[in-house]
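Novice: Encoded as structure tokens, here's the structure I'll be asking about.
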Amino acid sequence: MLMRRTFTLTALIVSGLIAGTAAATEDAEISVAPGLWNWSHSTTLAGVPFSEENTECLPPDMASVSLQEMADDLNQDCVVSDIQPIQAGYSFTLTCTGFYTGEAEGTMTKLSDYQLQMDAEGQVGLAGMEADFSFSARAMRVDECPVR
């Protein structure tokens, strides 16, 4: 149950990644090119690895978002703190006090307008249990969005 719920949290984080997420302040944002994006992640929770890959259309109005907006989208009462600029991105701490509790140290890096990388390590808690996790995600623009 913990792994399934953490997978959901991981999927939300990855969704934030493909939305072009990573800002350090209210004014700072990393924007990416809209289009068809492929994202993948590898996660280890309590020593158990799992991964996912998907392709989604990223419209122009979602091509930039702040790091705090990504945390808010998790709907887990999450706050981003200790945000520091690093080369082409930011390091940060994500602390959540909702249904999922925990803290993660992470980095978000814009490799180009067509590639993003996110890595995080921390602990997640659910129903009084805690587990270590590590997370690595990558998103790459692969094409224009299909015309509907």
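Novice: Please go through the stretch 97-137 and give me each residue that is among the hydrophobic types (A, V, I, L, M, F, W, C), buried (at least 17 other Cβ atoms within 10 Å of the Cβ) and without any contact (Cβ under 8 Å) to a residue 60 or more places away in the chain, ordered by number.
Specialist: 104
Novice: Looking at the stretch 114-148, which of its residues are within 16 Å of residue 33 (Cβ to Cβ), of a type in the set (Asp, Glu) and part of a strand (DSSP E or B)?
Specialist: Hit for the stretch 114-148 is 143, nothing else.
Novice: In the set 51, 40, which member is at pLDDT 85 or above and farther than 12 Å from residue 139 by Cβ?
Specialist: Just one listed residue meets the conditions, 51.
Novice: Just to be sure before I move on: is residue 69 assigned to a strand (DSSP E or B) and either over 14 Å from the mean Cα position of the chain (by Cα) or among the acidic types (Asp, Glu) (or both) in the structure I sent?
Specialist: When the stated conditions are applied, residue 69 does not pass them.
Novice: Can you give me the number of residues within the stretch 72-91 that are out of contact with any strand residue (DSSP E or B) (no Cβ under 7 Å at 6 or more places or on another chain), exposed (fewer than 15 other Cβ atoms within 10 Å of the Cβ) and not in a loop (DSSP other than H, G, I, E, B)?
Specialist: Total meeting the criteria: 1.
Novice: Considering only the stretch 81-91, I want to know if a residue exists there that is in contact with a Gly (Cβ under 8 Å, 6 or more places away or on another chain) and not aromatic (Phe, Trp, Tyr).
Specialist: yes
Novice: While we're looking at this one, here's another question. When you go through (1) closer than 17 Å to residue 40 by Cβ; (2) exposed (fewer than 14 other Cβ atoms within 10 Å of the Cβ) one by one for residue 61, which number turns out not to apply?
Specialist: (1)
Novice: Moving on. Taking the stretch 46-56 as the region of interest, how many residues are closer than 17 Å to residue 115 by Cβ and in contact (Cβ under 8 Å) with a residue 60 or more places away in the chain? Don't jump to the end; show me each part of the working.
Specialist: Kept after step one, since they are closer than 17 Å to residue 115 by Cβ, are these residues of the stretch 46-56: 53-56.
Imposing the further condition that a residue be in contact (Cβ under 8 Å) with a residue 60 or more places away in the chain reduces the set to 55.
Residues meeting the conditions: 1.
Novice: Have a look at 94, 111 and point out the one that is more than 16 Å from residue 66 (Cβ to Cβ) and assigned to a strand (DSSP E or B). I'd like the intermediate steps shown before the answer.
Specialist: Values: 94 fails: more than 16 Å from residue 66 (Cβ to Cβ).
Exactly one of 94, 111 is more than 16 Å from residue 66 (Cβ to Cβ) and assigned to a strand (DSSP E or B), namely 111.
The values are calculated or read from the model by the stated rules, or taken from the named source; none is laboratory data. Values in this document were obtained by computation on a predicted structure and should not be read as measured data. Every residue, glycine among them, receives a Cβ derived from its backbone with ideal geometry; neighbour counts consider all protein chains shown.
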